[in-house]
Amino acid sequence: MAGVGGQMHYRKGFVDAIGHTPLIRLETLSRETGCDILGKAEFMNPGGSVKDRAARGLVEDAERRGALAPGGTVVDGTAGNTGIGLAHVCLARGYRCLIVMPDNQSADKYETIRALGATLEIVKAVPYADPNHFQKVASRRAGEIPGAYWTNQFDNVANRDIHVATTGPEIWRDTDGRIDAFVAACGTGGTLAGVSRYLKSRRADVRTVLADPQGSSLCHYLRHGELRAQGPGSITEGIGIARVTANFEGAPIDEAMTISDAEAVHHVYRLLREEGLSLGASSGVNVGGAVRLARRLGPGHVIVTILCDTGAKYRPRLFDREWLQAKGLERFADGASDFPDYDA
């Protein structure tokens, strides 16, 4: 409580607490490259990930347009983090929530969504062209439930727009406009496209870069105009896709690179040992991309990336040595850096 004549400072509930996350200088990697490599600590959002922003943007947009009535049901298909964010926002706003997820995600995400009171439907992981893909099942479920609204995170540009309105301006403010490059992976495309749009609007020469996990098709698409997977499927969850979403379409991206699982795991474990940061594999992809770009640009640059979510959700996989060994990734967790090159 503030003193006499002072003013109390607080956020008004869960939704108001989303955003304004700090930038963290990754000290060891910054020293090694001579650049300031800064991670935006999105794992510090109240629901634990960058997807809290998308959840807020999607629900508030539906409210503004009158597409979601009081007491209605919010439906979406997700790899997990958007579902967690939506479940939180729905509790705070008084909505019911139905989340559809593929069956190849971390068990902790399923348990968290159920614990938040959302209805969870788990479906077989199939290609997007299949009518039983989790996104298409979510669309159908919304049509079957009276008063339901499909937030459609992949193709609803309210996802992108919340990053134009919040994440981008926060990065610009906290770097005092001295940012040289922004690097991020793409799931729905909302974060990368939204932040890139905002930064380019402030200074056109800010370099925007896609860090694509192995097995995704977007790197090849940006380089050659054709969707083609680079390397085998990835261990990452929620990023790397084989189609151009409405959020990603037309994004002002300057270049793209493919980051292997080996490189991602290497950086996840370096961040843990050297920075005390326990993060998921998506953050490893992002940081791997930022480091690779820093080495190419040379010392003196300011490079920002996204630290997406915590490693706690991935303990049975990413932080299990037997699992890593079975995937051929254990030695990269121990510091090996002879990564496969899927961009060659």
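Annotations for the structure displayed:
- For segment 325-342, taking the residues that are among the charged types (D, E, K, R) and open to solvent by 60 Å² or more (accessible area, probe 1.4 Å), the one that is nearest to Val285 (Cα to Cα) is identified as Asp341.
- Test: residue in segment 153-165 that is over 16 Å from the mean Cα position of the chain (by Cα) and either more than 14 Å from Thr78 (Cβ to Cβ) or acidic (Asp, Glu) (or both): yes
- Just one of the listed residues (Asp16, Asp52) is free of Cβ contacts under 8 Å to residues at least 60 places away in the same chain, acidic (Asp, Glu) and surrounded by fewer than 17 Cβ atoms within 10 Å (Cβ to Cβ), namely Asp16.
- Where strands (runs of 3 or more DSSP E) sit wholly within segment 33-103, those with at least 1 residues that are among the acidic types (Asp, Glu) occupy 36-41, 73-77.
- Residue among Gly143, Gly117, Gly147 that is out of contact with any Leu (no Cβ under 7 Å at 6 or more places or on another chain) and modelled with pLDDT of 95 or more: Gly143
- Considering the conditions (1) within 30 Å of Asp155 (Cα to Cα); (2) assigned to a loop (DSSP other than H, G, I, E, B), Phe14 is excluded by exactly one of them, (2).
The values are calculated or read from the model by the stated rules, or taken from the named source; none is laboratory data. Remember, predicted model here, so these are calculated numbers, not experimental data. For neighbour counting, all protein chains shown are included, and Cβ atoms are generated from backbone atoms with ideal geometry for every residue, glycine included. Side chains included, ligands, DNA and RNA excluded: accessible areas come from the protein's heavy atoms. Shrake-Rupley method; radii C 1.70, N 1.55, O 1.52, S 1.80 Å.
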